[in-house]
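Please read the structure below before turning to the comments.
Quick note: the coordinates plus some simple rules give every number you see, no bench work behind them. Computed from a predicted model, the values in this text were never measured in an experiment. Note: ideal-geometry Cβ built from the backbone for every residue, glycine included; neighbour counts use all protein chains shown.
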Amino acid sequence: MQEDKAIRMLRLVGQWDREKESRHSFCQRHNITIHSFGYWRTKYLKQQKPSGSFTQLPAATTQTNQLEIHFPNGIRVLVPSGSDMAMVAHLISLG
């Protein structure tokens, strides 16, 4: 029964996301509390994230003498070319 509710709620949140209706209006129409909707929306958003913790970036078209790493939290790290890649890998694993 709980699994059925989860499937129903996640479908509803997905529907809301596609329709772009206001939360208030959508919740009233589907007889859902705003609090419950927020709970299921959080779960829905977690399912939508890619499984990896890094965001794939397109390759740069200009050549640089450094490696640029962008972390999902917005931190950007510039690594000079010729740096020890084992050290870079270790630093990335700390992120």
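Apply 1/(1 + (r/R0)^6) to the Cβ-Cβ distance of Ala6 and Asn73, taking R0 = 41 Å, and write down the FRET efficiency to the nearest 0.05.
Values: r = 29 Å, r/R0 = 0.70.
Working from the Cβ atoms, E equals 0.90.
Need one number: nm distance between label points at Gln66 and Thr33, each 7 Å from Cα along Cα→Cβ, rounded to one decimal.
My value for the distance between the label points is 5.1 nm.
Find the Cα radius of gyration of the stretch 2-48, compare it with 2.2 N^0.38 Å by division, and give the number to two decimals. Please list the in-between numbers first.
Details: Rg = 9.8 Å, N = 47, 2.2 N^0.38 = 9.5 Å.
In units of the 2.2 N^0.38 Å rule of thumb, it is 1.03.
Subtract the Cα-Cα distance of Asp84 and Asp17 from 0.36 nm times their separation in residues, and report this length gain in nm to one decimal. Provide the component values of the computation, followed by the final result.
Numbers: separation 67, 0.36 × 67 = 24.12 nm, distance 4.46 nm.
Gain on stretching Asp84 to Asp17: 19.7 nm.
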